[in-house]
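Here the structure comes first, spelled out in structure tokens, and everything after it is commentary.
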Amino acid sequence: MGADRNVTPRKPALWITGKKEIFERVQTARLLNHTIRLVPTMGNLHEGHASLCRQAAEETSFVIATIFVNPIQFGPKEDFAAYPRTPEEDRELCARSGVDLIFAPNVETMYPADSCTRVQVSETEKPLCGRHRPGHFIGVATVLSKLFHLIPADIAFFGLKDYQQCLVIERMVEDLDFPLKIRKCPIVREPDGLAMSSRNRYLNPEERGQAVILKRSLDLATRLLQQGERDAGRLRQAMIDEIASAPLGRLDYAEILDAQSLASIDRVDRSAVAALAVHFGKARLIDNALLNPM
Ligand code: AMP
């Protein structure tokens, strides 16, 4: 496996759906002295996912992407059924991005009828998406703990677009002694600043035009901080006012929290995260930015 794998089109990644087979493949890769690198996804892959795969693909690594639309992380009124599924395109993107193997189990494989165990990362999941999507992070933590067992990886790669998810997973890995490292990767954006997301395809052209307001609002908070504003309430209000200038947007939350604990703060005197969730039509978009006072 060469370093040029990042740019050279390669043969299609292996596509595996069974638990026993994936486990055996990982054991074989280990015997060949590869480090196992895992990129968990829900498919409908875009450049954001590709950047994770490329960062995972180093000379001696064996890169496994998982594609699984995890039903238990969706609320009853959310878009599980409508979530875009594009296996052919995903396979091509994986081949271009240095992925060796795709694990794409079906729902019955991951959740046999009698399965009922759930994993909850109780504190970290409380604010932001945890509050607005009850049960979401229980679904995320449960599926990832299953994947971490099935695929004993050395490093798992996650995108900072899902900032709270990164913290939930880091906490879980530490609390449950999973022997793997979590690598957090930068947010990949469209040219106008919109964070790439599988859900962007729900946007009609007018909504797509206005959706850039999330990034603008985060940029505004960053600018105000640089100009000396430290009051978290005023920064938050500035973000809310900016979002309100996009008539098709419906705010779910705008928060400024401690970047590590996600606790509420009054002032940005240490590293904080500005986090947003905004509905545009059928799409619920999230984005965030780190706020670092000088
Ligand atoms: P998803 O398929 O949406 O569950 O995402 C799978 C992984 O890709 C997660 O770790 C996401 O945070 C990451 N990801 C999704 N979109 C982006 C993006 N625009 N930039 C960086 N990482 C991303």
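Seen from CYS185, the other residues with C-beta closer than 11 Å to its C-beta sum to a net charge of +3, counting Lys and Arg as +1 and Asp and Glu as -1. The label-point distance for GLU47 and ASP154, in a model that sets each label 7 Å from Cα toward Cβ, rounds to 3.0 nm.
Cross-link partners for LYS126 among the lysines, with Cα-Cα distance under 30 Å and sequence neighbours closer than 8 places in the same chain left out: LYS77, LYS146, LYS161, LYS181, LYS184, LYS215, LYS282. For the chain, with all protein chains present and a 1.4 Å probe, just round the carbon and sulfur fraction of the accessible area to a whole percent. That fraction is 52 percent. Ligands, DNA and RNA are left out, and with a 1.4 angstrom probe the accessible area of the chain is 48 Å² per residue. When each of the peptides 238-247, 35-44 is scored by the mean number of other C-beta atoms lying within 10 Å of its residues, the order from highest to lowest reads 35-44, 238-247.
Spatial offset of the range 153-182 relative to the range 219-294 amounts to 23 Å, using the alpha carbon center of each. Considering only alpha-carbon pairs that sit under 8 angstrom and 6 or more positions apart, the relative contact order computed for the range 198-291 is 32 percent.
Using the Cβ-Cβ distance between ILE240 and VAL107 with R0 = 41 Å, the FRET efficiency computed as 1/(1 + (r/R0)^6) comes to roughly 0.60. In plain terms, the chain from GLN226 to VAL212 could stretch by 2.9 nm, reckoned as 0.36 nm per residue minus the Cα-Cα distance.
Taking a Cβ cut-off of under 11 Å around ARG230, the surrounding Lys, Arg, Asp and Glu residues balance to a net charge of -1, with basic ones at +1 and acidic ones at -1. Using every pair of separate Cα atoms, the Kirkwood estimate puts the hydrodynamic radius of the chain at 20.0 angstrom.
Note on exposure: ASP266, ASP154 ranked by accessible area (1.4 Å probe, complete protein assembly) read ASP266, ASP154, with the most exposed listed first. With the highest mean first, a sort of the peptides 127-140, 83-96 on other beta-carbon atoms found within 10 angstrom per residue produces 127-140, 83-96. Taking amide H positions as modeled 1.01 Å from N, with prolines and chain starts lacking one, the residues under 5 Å from SER61 and 5 or more places away or on another chain are THR35. Each label point was placed 7 Å from the Cα along the Cα-to-Cβ direction; for GLU59 and ARG85 their separation is 4.1 nm. Counted over the chain, the DSSP beta bridges are approximately 50% antiparallel. Ranked by the mean number of other Cβ atoms within 10 Å per residue, highest first, peptides 144-151, 214-221, 112-119 order as 214-221, 144-151, 112-119. Summing +1 for each Lys or Arg and -1 for each Asp or Glu among the other residues whose beta-carbon sits under 14 angstrom from that of ASP287 gives -1. Label positions at ASN292 and ARG189, each projected 7 Å from the Cα along the C-beta direction, are separated by 1.6 nm. Here the calculated FRET efficiency for LYS181 and GLU123, from their Cβ-Cβ distance with R0 = 25 Å, stands at 0.70, rounded to the nearest 0.05. Projecting the Cα atoms of PHE23, ILE213, HIS49 onto the dipole axis of the chain, where Lys and Arg carry +1 and Asp and Glu carry -1 at the beta carbon, places PHE23 farthest toward the positive end. Rounded, prolate or oblate, given the Cα gyration tensor of the range 94-151, with a/c below 1.5 counting as rounded? Judged from the Cα gyration tensor, the range 94-151 comes out oblate (a/c at least 1.5, b/c at or above a/b).
The values are calculated or read from the model by the stated rules, or taken from the named source; none is laboratory data. All of these numbers come straight from a predicted model, not from anything done at the bench. Positions of Cβ are backbone-derived with ideal geometry, glycine not excepted, and every protein chain shown enters the neighbour counts. Ligands, DNA and RNA are excluded from the accessible area calculation, which covers all protein heavy atoms including side chains. Shrake-Rupley method; radii C 1.70, N 1.55, O 1.52, S 1.80 Å.
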